[in-house]
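**Q** Before I ask anything, here is the structure I am working with.
The values are calculated or read from the model by the stated rules, or taken from the named source; none is laboratory data. Predicted, not measured: the structure shown is a model, and the values here were computed from it. Virtual Cβ from ideal backbone geometry, glycine too; neighbours counted across all protein chains shown. Note: accessible area is taken over every heavy atom of the protein model, side chains too, but ligands, DNA and RNA are not part of it. Shrake-Rupley method; radii C 1.70, N 1.55, O 1.52, S 1.80 Å.
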Amino acid sequence: GEAFFDPEQAQKVLLINKLKKEQIHAKLGKIKSNLILRLPRDVETALNLEKGEEVILRIENDELRVAKA
């Protein structure tokens with residue numbers, strides 16, 4: 001019943017587990033009339049996010065949730 005990961009996958013799993021235990025601080029910026037959300041590099045790496053990729057925003061119980069599309 002053991003699962004084996006290659007070293008890159010193992011690093012991502014460890015990073016995701018670390019991020020789940022922390023509060024993640026992000027900054028808001030503005031470009032022209034658009035408000036942008038800047039995420040820390042650890043979040044980008046853990047979730048394989050790339051520039052131009054779409055995400056889904058949800059408002060739940062007065063909180064903003066961000067998910068991969």
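**Q** Roughly to the nearest percent, how much of the accessible area of the range 6-69 is carbon and sulfur, given a 1.4 Å probe?
**A** The value for the range 6-69 is 51 percent carbon and sulfur by accessible area.
**Q** Let me ask you something else. Just in the range 1-52: which GluC sites (Glu not before Pro) are loop by DSSP and have at most 12 other Cβ atoms within 10 Å?
**A** For GluC sites (Glu not before Pro) across the range 1-52 that sit outside H, G, I, E and B with at most 12 neighbouring Cβ atoms in 10 Å, the list reads Glu2, Glu22, Glu50.
**Q** Here is a further query. Taking N as the number of residues in the chain, what value does Rg over Cα atoms divided by 2.2 N^0.38 Å take?
**A** 1.34
**Q** Specify the residue with the greatest mean-square fluctuation among Asn34, Asn17, Asn48, computed from a Gaussian network of the chain linking alpha-carbon atoms under 10 Å apart.
**A** Looking only at Asn34, Asn17, Asn48, the biggest GNM fluctuation is shown by Asn34.
**Q** Further, regarding this structure: With every protein chain present, what is the per residue accessible area of the chain (1.4 Å probe, Å²)?
**A** Accessible area per residue, the chain: 96 Å².
**Q** Where does helix 7-20 land angle-wise versus the long Cα axis of the chain, in degrees 0 to 90, nearest 10?
**A** Taking Cα atoms only, the helix is inclined about 50 degrees.
**Q** Under a straight-distance cross-link criterion of Cα-Cα below 27 Å, which lysines are reachable from Lys32, leaving out those fewer than 8 residues away in the same chain?
**A** List returned: Lys51, Lys68.
**Q** Let me ask another. Specify the longest stretch of the chain that does not include any exposed loop site, a site being one of the trypsin sites (Lys or Arg not before Pro) with a non-H, G, I, E, B DSSP assignment and at most 14 other Cβ atoms within 10 Å.
**A** That gives 1-20 as the longest site-free run.
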